[in-house]
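Visitor: I have a structure here, written as structure tokens, and I will follow up with some questions on it.
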Amino acid sequence: MEKLVAMLGDDEPLIGLKDVSGKTPLHVAASQGNVEVADILVRRNSNLLYLHNNHGLFPIHYAARNRRKSKDAFLYFFSLTKADENGHPNPYAGSTGAAILANLIELKFYDVGLMLVKMYPDLGRHKILNWEITALGAILRYDCPIINTRTLSHCQSFIYYCVSKRYVVCMLKSVVVNKMVMHQEALKLLKCLCDQLKTLDETQVCSLALDAIFLATSLDIGDVVLNIVEAYPRMAYLVNQRGENILMAAVRNRSENVFNLVCGTTTLMDILVECNIANNQNSILHLAGKLAPPHKLNLVSGAALQMQRELQWFEEVQKIAPPYFSSLRNKDEKSPKMVFTDEHKDLKKEGEKWMKETATACSIVAALIVTVAFAAAITVPRLNNGGGFNATIVTVNNDASSNGTIIDSIDEGLPIFSRKNAFRSFYIFNSLSLFMAVPSLLLFLSIQISRYAEEDFLHSLPWKLIVGINTLLSSVMYMMGSFITTVNLVFGNTVLSVRVALRVCAGVTLVALIILQFRLFLAFLWSTYGQTILKKLKDGRTADNLF
């Protein structure tokens with residue numbers, strides 16, 4: 001590059017070297033994050049820093065989203081590109097500056113973006129060049145997984161809690177913790193952008209943040225909604241093009257965090273519930289009766305659990321809605337319950353099919369266990385080496401004049417091993433297996449003949465499946481226990497390798513079954529009794545200090 005630049009001569013200052021899109025060699029070097037080449041070009045002609053292409057983008061725009069994702073490359077261009085350079089356009093002014101910030105957000109350089117916003121406060125007040133959204137909208141579109149803690153697993157959430165509380169953890173350099181740190185940096189940048197709304201009037205705020213707050217609502221990012229409303233409380237009461245406020249949008253999109261945020265502020269909730277009806281005359285309860293968007297519905301696996309979740313949403317919204325909302329009709333003359341039935345008829349059929357197939361498969365297993373356990377209970381094991389039943393021999397003299405005696409053998413019917421601990425354990429495990437399998441079979445049969453009404457998916461059917469799977473797993477465990485005790489009874493203290501091998505096989509089978517079925521059991525247990533949609537705010541915020 002040095003030789004190529006030297007070949008141009010002093011009378012060719014690189015200014016005229018552009019491609020068809022108006023990019024100079026410095027644009028290309030910036031897009032590649034190549035600081036060494038950029039330094040050669042800038043030393044030859046520093047005016048290249050202030051030449052934009054046909055789309056109005058300066059080299060610093062490309063450095064902000066360079067392919068190497070190098071923060072140092074951007075900082076190099078940032079140190080050389082000045083806003084007050086005499087005779088040169090200002091790359092940080094208006095929409096062009098907002099585009100630089102958007103590019104930094106795209107590469108997740110939040111700390112640098114925060115520094116840029118503090119130096120140039122107007123960046124958050126303009127829409128991005130060639131893109132009709134603001135930096136606030138860009139951070140939502142690019143970084144929803146980063147700023148939304150709902151995307152974290154339980155393990156990641158725990159680590160995030162430790163990092164947020166400045167606890168010392170052994171995984172500080174792990175990818176998970178890096179994600180948590182990025183989350184905190186993104187929130188700082190988000191808060192800074194929202195704080196800029198405080199100095200603007202309502203027209204300007206609506207232009208900058210109205211789309212952002214409803215996008216955040218649909219994505220269920222409560223932190224964004226909270227920061228926007230804290231900066232400008234009037235935003236909580238505005239409506240979108242559908243005629244919906246943030247509470248109605250949260251219900252339609254099944255945005256649990258935003259729903260809880262609004263319902264945690266009683267005054268705001270009361271206003272938003274009754275303040276208006278959507279364009280098609282759907283109340284908040286009608287929106288709860290509509291089928292959830294596919295990306296939200298698929299967060300729950302299985303049609304039965306999806307149907308249950310939809311019923312839970314309808315029930316929770318019904319709690320906060322006035323009683324007369326249940327009888328309101330929309331423009332199609334449908335009540336909320338009618339809307340729910342019509343929207344969920346296909347999901348209900350799929351849920352019914354899934355429940356019946358699951359109950360049929362489990363009932364077959366339960367029936368086999370009942371058969372085997374009952375047969376084992378009434379059939380005492382007969383062992384080759386002295387097994388069978390013991391007997392008591394009684395001599396009876398029936399005739400005093402007779403020279404002989406009559407011997408009568410009375411069989412007591414007690415197994416020879418009845419006094420052995422292994423035999424007793426076998427009978428205990430076998431009996432428990434039978435007692436668990438019978439109610440499990442009856443529960444699965446009751447699921448198959450259920451009426452499958454909508455409300456049955458809320459508690460009745462899940463309860464039957466939970467108890468049925470629990471008793472079935474317990475029955476299998478006790479059956480394996482009876483098998484292991486039988487191995488001890490048959491082989492005694494001999495053939496150690498055979499006994500160990502059979503025990504290991506039984507243990508592996510049992511563990512495999514638990515792993516395969518226990519996840520389904522936990523899913524229904526958590527969905528039915530563990531999680532609730534409407535929660536209290538954990539940080540103590542109320543309507544008095546928020547809205």
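The values are calculated or read from the model by the stated rules, or taken from the named source; none is laboratory data. No experiment lies behind these values; they were computed from the predicted model shown. Heads up, the Cβs are rebuilt from the backbone with ideal geometry, glycines too, and the neighbour counts pull from every protein chain shown.
Visitor: Within region 223-244, identify whether any single residue is part of a helix (DSSP H, G or I), touching a residue at least 60 places away in the same chain (Cβ under 8 Å) and basic (K, R), and answer yes or no.
Guide: No, the conditions are met nowhere in region 223-244.
Visitor: Only helices (runs of 4 or more DSSP H) wholly contained in region 258-355 count here; list those with 2 or more residues that are closer than 23 Å to A216 by Cα.
Guide: Result: 266-274, 284-289, 294-297, 303-320.
Visitor: Separate question: Quick check: is even one residue across region 314-321 among the charged types (D, E, K, R), at negative phi and at pLDDT below 90?
Guide: no
Visitor: Going through F259, F314, F325 one at a time, which residue ends up being within 30 Å of K356 (Cβ to Cβ), hydrophobic (A, V, I, L, M, F, W, C) and touching a helix residue (DSSP H, G or I) at 6+ places or on another chain (Cβ under 7 Å)?
Guide: Answer to the check: F314.
Visitor: Additional query: Restricting the first residue to region 175-187 and requiring it to be modelled with pLDDT of 80 or more, which pairs with a second residue that is assigned to a helix (DSSP H, G or I) and of a type outside the set (V, I, T) meet a Cβ separation below 6 Å and a spacing of at least six or different chains?
Guide: E185/Y110; E185/D111; A186/Y110; A186/D143
Visitor: Another one. Which of the numbered conditions does A359 fail, given that it passes all the others? Conditions: (1) more than 30 Å from S301 (Cβ to Cβ); (2) modelled with pLDDT of 90 or more.
Guide: (1)
Visitor: Further question: For the subset of region 230-280 comprising residues that are touching a Lys or Arg at 6+ places or on another chain (Cβ under 7 Å) and surrounded by fewer than 15 Cβ atoms within 10 Å (Cβ to Cβ), which member is modelled with the highest pLDDT?
Guide: N280
Visitor: Is there a residue being within 31 Å of the chain's Cα centre (by Cα), polar (S, T, N, Q), modelled with pLDDT of 75 or more and surrounded by 12 or more Cβ atoms within 10 Å (Cβ to Cβ) anywhere in region 477-486?
Guide: Within region 477-486, none of the residues are within 31 Å of the chain's Cα centre (by Cα), polar (S, T, N, Q), modelled with pLDDT of 75 or more and surrounded by 12 or more Cβ atoms within 10 Å (Cβ to Cβ).
Let's see how each residue does on (1) among the hydrophobic types (A, V, I, L, M, F, W, C); (2) loosely packed, with under 13 Cβ neighbours inside 10 Å; (3) in contact with a Cys (Cβ under 9 Å, 6 or more places away or on another chain):
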residue: M307; (1), (2), (3): yes, no, no
residue: L311; (1), (2), (3): yes, no, no
residue: E315; (1), (2), (3): no, no, no
residue: P323; (1), (2), (3): no, yes, no
residue: S326; (1), (2), (3): no, no, no
residue: R329; (1), (2), (3): no, no, no
residue: P336; (1), (2), (3): no, no, no
residue: F340; (1), (2), (3): yes, no, no
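Visitor: Could you check region 457-472 and list, in sequence order, the residues that are of a type in the set (A, V, I, L, M) and under 21 Å from L368 (Cβ atoms)?
Guide: Within region 457-472, L465, V467, I469, L472 qualify.
Visitor: Go through region 208-222 and report how many residues are outside any loop (DSSP other than H, G, I, E, B), in contact (Cβ under 8 Å) with a residue 40 or more places away in the chain and not β-branched (V, I, T).
Guide: Going through region 208-222 one residue at a time, the tally reaches 6.
Visitor: Okay, next question. If you scan region 43-100, which residues turn out to be in a loop (DSSP other than H, G, I, E, B) and at positive phi?
Guide: G56, K69, G87
Visitor: Looking at L49 and the list (1) in contact (Cβ under 8 Å) with a residue 12 or more places away in the chain; (2) within 43 Å of the chain's Cα centre (by Cα), which single condition is not satisfied?
Guide: Against the list (1) in contact (Cβ under 8 Å) with a residue 12 or more places away in the chain; (2) within 43 Å of the chain's Cα centre (by Cα), L49 comes up short only on (2).
Visitor: Consider region 121-159. How many of its residues are at pLDDT below 70, over 19 Å from V224 (Cα atoms) and in a helix (DSSP H, G or I)?
Guide: The qualifying residues number 5.
Visitor: Here is a list: K118, K82, K108, K69. Which entry is of a type outside the set (S, T, Y), within 22 Å of Y50 (Cβ to Cβ) and modelled with pLDDT of 85 or more?
Guide: Just one listed residue meets the conditions, K82.
Visitor: Collect the residues in region 65-106 that are surrounded by fewer than 19 Cβ atoms within 10 Å (Cβ to Cβ), hydrophobic (A, V, I, L, M, F, W, C) and under 23 Å from E185 (Cα atoms), keeping them in residue-number order.
Guide: If the condition is that a residue be surrounded by fewer than 19 Cβ atoms within 10 Å (Cβ to Cβ), hydrophobic (A, V, I, L, M, F, W, C) and under 23 Å from E185 (Cα atoms), then L75 is the only one that fits.
Visitor: Please state which one of S431, S474 is more than 32 Å from the chain's Cα centre (by Cα) and either surrounded by fewer than 18 Cβ atoms within 10 Å (Cβ to Cβ) or closer than 15 Å to L520 by Cβ (or both).
Guide: S431
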